[in-house]
There are 2 protein chains.
Amino acid sequence: MDQVTSSAAQLRAGLQALAHPLPGGMRDLLPWEARQQLHLSRVVLKAFELHGFQQVILPAFEYADVLEQGLGPIEANSVLRFVEPETGEVVALRPDMTPQVARLVATRLASEPGPVRLSYRGSVLRRRHERARHQQQVVQAGIELVGRGGLAGDLEVLEAATHAVRRAGLERFVLDLGHGRIASSLLDDLSAEARERLLEPLTQKDQAELVRRAEKLGLSAARVRALAALPELQGGGEVFDAARRLLADTAALPLVDELQLLHRAVEEAGLAPSVVVDIGETRPFAYYTGPLFQVLAEGPGQAVGSGGRYDTLYERFGVPRPAAGFAVHVNNLGWAVGDAQRLGIPLRALVVSSPAASGTADAAGAAEVLGTLRTAEIPCALSDGTNPLDYARAWRYSHVVWLTSARRVRVSQLTSDGERDRGEVDVVELPARLLAG
Amino acid sequence: MDQVTSSAAQLRAGLQALAHPLPGGMRDLLPWEARQQLHLSRVVLKAFELHGFQQVILPAFEYADVLEQGLGPIEANSVLRFVEPETGEVVALRPDMTPQVARLVATRLASEPGPVRLSYRGSVLRRRHERARHQQQVVQAGIELVGRGGLAGDLEVLEAATHAVRRAGLERFVLDLGHGRIASSLLDDLSAEARERLLEPLTQKDQAELVRRAEKLGLSAARVRALAALPELQGGGEVFDAARRLLADTAALPLVDELQLLHRAVEEAGLAPSVVVDIGETRPFAYYTGPLFQVLAEGPGQAVGSGGRYDTLYERFGVPRPAAGFAVHVNNLGWAVGDAQRLGIPLRALVVSSPAASGTADAAGAAEVLGTLRTAEIPCALSDGTNPLDYARAWRYSHVVWLTSARRVRVSQLTSDGERDRGEVDVVELPARLLAG
């Protein structure tokens, strides 16, 4: 296609896209985009399986009030709700699969012995901003460990989580440890309104605004100092000493000790190339009651995976149990492990049955080639004879196979800058020739 | 668990389920239910890949008016629509992925050379009845062949489709061939209302009601005879002669010829162990313009897969092209290939670190066993020491591995009626012992 035709085609495609829009945040993945995501999901779920977590399949939407049982008032805002016009029922597209798994464990799995080890994969839908249109579809593959509390449970989740991202090819990453209750325990005795006023600058690590609001609310000087210090308590194992001094007379002290035990165990087990502690961390999902985990890496602006402990979530579904989990954000993992190209171009052959020389199609010969390739598990399709090389390049075939005479084929390999003749072989030798690269 | 405890547990689970209901038609799949569905989806998509179809990923919902561009007025009724309260926008959960793929091809893939070969996997949501609550979530894995018309295109789709169900283990099946326009071509000159009055008894193969309504509408005796005969034109290749006689002077005649050519080609290629023709078939999705395909098997009350040709669908999205496709209904395929048990019990080991004899847990020893098994790609988890055999049975482990002394383990294999001692081995020999069955 020349430059002008190509621009015209792009313009046409653009106009078509305007005529057939997608809801905000929704995206199609073309084959070469989908391939990496499917591959990474498989690898991550395989790692979870090796750690004893078994995959369940959950429905795409649920009654909003059931899902929201597991969510606090803040995160309920991030649920995308829809009304079915005829019945008036309100359903929600899940913003997170953890409450869905809790609902499943509380119903059909309630009488099985614990601990429960489940994995899942699915799209979740989050609002990014206050405006309703700014949702974002995110693919998650995660685990839930239900009925194993404390350090042992946290470590088991982190072992599976770090194994999963390593198996996916992520070598350089940071494991960020926080605690879902350290910051909020300093606010427990305040009114809900005051808590919300202070959590906002805390989440944004806006120290000046935090101090301004805390003083305006009339908090004691010691408490203002503790709150103001939180965003700075970030770094290696040395932050625990500083944290213990600053939070000495507060309800947060035993939580700091809990986090330090986990930090030591994670370092000893060598779970991550680098571990950082973030004492002041808060998280939009308020159901966390214990340690918070995040896997961070160069590339995506968001975490590659995140999780933590939520020991009171299951109570809300009528079956009190300690629980922890972790979800890999597959799109971000893909970004972090690098270009989809790293997967290599998959072996796929386009078969041409009528070489330009003779001009007559050999249908039986083509069927034999296709059958031989498929028996060898090599994907292939028949060309319709029009510009096979252009077609093969557009649809990411690795080779074009030309029938030359009965039972003989010539092989062209597509390269980034053209094609390379790989010689002529008998049909029976074709799979070996292609697999040789 | 004894009988009484078990009933009490079931009652509790039932009450929990009442407290946390799922929307009608939605279902969770437990690990042992999900396993077969995930396995079959993978096998089917692999077969499609071997035939050159590349997988795309499509969003879970779209604007209702975009999706409905590809659907006729009848099937638009089966779309589940939701209103977003804040924006008033109407979105739809797809009842079928074919219009979604058409929207994708018409936008981001509009300038790529044809034919386009794409595959997909996803949940679709259909209303089963007029009542809004009776939707059903169905998992489909399918293909779309866009830009290759006529017999060659139909055959290519059927080759991939029958290869997929065979690869999934379905040996006994019937390929049912119909035509989306034979019945409706007899009604083309009638009013929309009259057409609908007649299509209803035609779809239900209710001959008496069909004749009654046709006569009431004042149709000619010849036309009433032709319509009345349609539901009976069902069977092997011999029905074509009868069909040609009965439909001699109608617009349906060339369509009968078209279907017969396909029937012959399918028989010659040996695509199915049994092929039947159903001249009177109609289909709820009215976009079909050519042959209709169904794969039928013992077991599920519905087709294992279905598809056909829709040469006018792409026009509605601004890019006129012939197109055909096929979707495997994964749940029905699972039913047809038989009990999930046929997959065999997967190899999974529960590791017990503190044998009753010594009573002291050997954490380092357990970690070594878990690491050895995972390196050998054998799924495993650590027991918390409580009733390991009951726990292993509840969660479908195949083996329990007991640490006996440093670097030695005893292996129990779980069987349907108890457990079998598989002897004691060194940790390094454990993977080989487990893989030996």
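The values are calculated or read from the model by the stated rules, or taken from the named source; none is laboratory data. Not measured: the values here are computed from a predicted model. Ideal geometry is used to build each Cβ from the backbone, glycine not excepted, and the neighbour counts take in all protein chains shown. Accessible surface is based on the protein model in full, side chains and every heavy atom, while ligands, DNA and RNA are left aside. Shrake-Rupley method; radii C 1.70, N 1.55, O 1.52, S 1.80 Å.
For chain A, what ratio Rg/Rh do Cα atoms give with a Kirkwood hydrodynamic radius?
Using Cα coordinates only, the ratio equals 1.09.
Between the label point of B:A432 and that of the same position in each other copy, find the distances and list them shortest first in nm, with every label point placed 7 Å from Cα along the Cα-to-C-beta direction.
3.1
With a 1.4 Å probe and all protein chains kept in place, how do A:R27, A:R117 rank by accessible area, largest first?
From most exposed to least exposed: A:R27, A:R117.
Which stretch or stretches of segment B:393-437 have amide N atoms under 19 Å from the point lying 7 Å from B:A367's Cα along the Cα→Cβ direction?
Within reach of a label on B:A367: B:403-409, B:427-428.
So what is the relative contact order of chain B, in percent, for Cα pairs below 8 Å that sit 6 or more residues apart?
With pairs under 8 Å counted, the relative contact order is 15 percent.
Please identify, among A:G24, A:G418, A:G365, the residue showing maximal mean-square fluctuation in a Gaussian network model of chain A using a 10 angstrom Cα cutoff.
Result: A:G418 has the largest fluctuation of those listed.
Accessible area of B:H163, 1.4 Å probe, to the nearest 10 Å²?
Using a 1.4 Å probe on the heavy atoms, I get roughly 50 Å².
What are the semi-axes of the equivalent ellipsoid for the protein assembly as shown, taken as the square roots of 5 times the Cα gyration tensor eigenvalues, largest first, in whole Å? Present the calculation step by step, with values, prior to reporting the outcome.
Working: eigenvalues 547, 212, 173 Å².
Computed over the protein assembly as shown, the values are 52, 33, 29 Å.
Based on a Kirkwood Rh over C-alpha pairs, give the Stokes-Einstein translational diffusion coefficient of segment A:213-274 at 4 °C and viscosity 1.567 mPa s in µm²/s.
100
How much FRET efficiency would the formula 1/(1 + (r/R0)^6) give for A:E193 and A:S274, where r is the Cβ-Cβ distance and R0 is 25 Å, rounded to 0.05?
After rounding, the FRET efficiency stands at 0.05.
If the cut-off is a Cα-Cα distance under 20 Å, which lysines reach A:K216, setting aside same-chain residues fewer than 8 apart in sequence?
Within the straight-line cut-off, A:K216 pairs with A:K205.
Quick check on segment B:346-435: take the gyration tensor over C-alpha atoms, sort the square-rooted eigenvalues as a ≥ b ≥ c, and tell me if it's rounded (a/c under 1.5), prolate or oblate.
rounded
How big is segment A:176-267 on each of its three principal axes, counting only the C-alpha atoms and giving the largest first in Å?
Result, largest extent first: 40, 22, 21 Å.
What whole-number value in Å² describes the accessible area per residue of chain B for a 1.4 Å probe?
Numbers: 18340 Å² over 437 residues.
Heavy-atom accessible area per residue stands at 42 Å².
Convert each backbone phi in segment B:205-213 into a coupling constant with the Karplus relation 6.51 cos²θ - 1.76 cosθ + 1.60 (shift: θ = phi - 60°), then list the ³J(HN,Hα) values in order as whole Hz, x for Gly and Pro.
Once rounded to whole Hz, the list reads 6, 9, 4, 4, 5, 4, 5, 4, 5.
For chain A, with a Gaussian network of springs between Cα atoms less than 10 Å apart, report the residue from A:G270, A:G301, A:G218 with the top mean-square fluctuation.
Looking only at A:G270, A:G301, A:G218, the largest GNM fluctuation is found for A:G218.
Could you check which residue among B:G308, B:G147, B:G114 shows the biggest mean-square fluctuation in a GNM of chain B with a 10 Å Cα cutoff?
Highest fluctuation among the options: B:G114.
Summing both sides, how much accessible area is buried between A and B? Use a 1.4 Å probe and give Å² to the nearest 100.
Chains A and B together bury roughly 8100 Å² of accessible area.
With axes computed from alpha carbons, what is the tilt in degrees of helix B:192-203 against the longest principal axis of chain B, rounded to the nearest 10 within 0 to 90?
Roughly 50 degrees, rounded to the nearest 10.
On the accessible surface of chain B, probed at 1.4 Å, how many percent belong to carbon and sulfur atoms? Please report the intermediate quantities before stating the final value.
Working: 9410 of 18340 Å².
After summing per-atom areas, the C and S share lands at 51 percent.
Show that you can apply the helix-only estimate: for chain B, add -39,500 (n - 2.57) for every DSSP H stretch of four or more residues, divide by all residues, and state [θ] at 222 nm to the nearest 500. Before the final figure, lay out each step's value.
On the way: 16 runs with 168 residues, N = 437.
That calculation yields -11500 deg cm²/dmol at 222 nm.
Taking the Cα centroid of segment B:225-280 and of segment B:362-392, what is the distance between the two, rounded to the nearest whole Å?
Rounded to whole Å, the Cα centres lie 61 Å apart.
Not counting ligands, DNA or RNA, and with a 1.4 Å probe, what is A:R264's accessible surface area in Å² rounded to the nearest 10?
About 130 Å², rounded to the nearest 10.
I'd like the FRET efficiency for B:D417 and B:E209, computed as 1/(1 + (r/R0)^6) with the beta carbon distance as r and R0 of 45 Å, rounded to 0.05.
After rounding, the FRET efficiency stands at 0.20.
Order B:R348, A:R108, most accessible first, counting only protein heavy atoms with a 1.4 angstrom probe. Kindly include the intermediate steps, with their values, before the conclusion.
Numbers: B:R348 10, A:R108 100 Å².
Output order, biggest surface exposure first: A:R108, B:R348.
Provide the FRET efficiency to the nearest 0.05 for the B:T312-A:A406 pair, computing r from the beta carbons and using R0 = 56 Å.
On the way: r = 41 Å, r/R0 = 0.73.
So, using R0 = 56 Å, E works out to roughly 0.85.
Looking only at segment B:363-388, which residues have a backbone nitrogen under 11 Å from a spot 7 Å from the Cα of A:A152 in the C-beta direction?
Correct set: B:363, B:382-386.
In terms of solvent-accessible area of protein heavy atoms at a 1.4 angstrom probe, what is the ranking of A:K46, A:K216, highest value first?
My answer, sorted largest first, is A:K216, A:K46.
Roughly what % antiparallel, to the nearest 5, for the DSSP beta bridges in chain A?
The answer is about 80 percent antiparallel.
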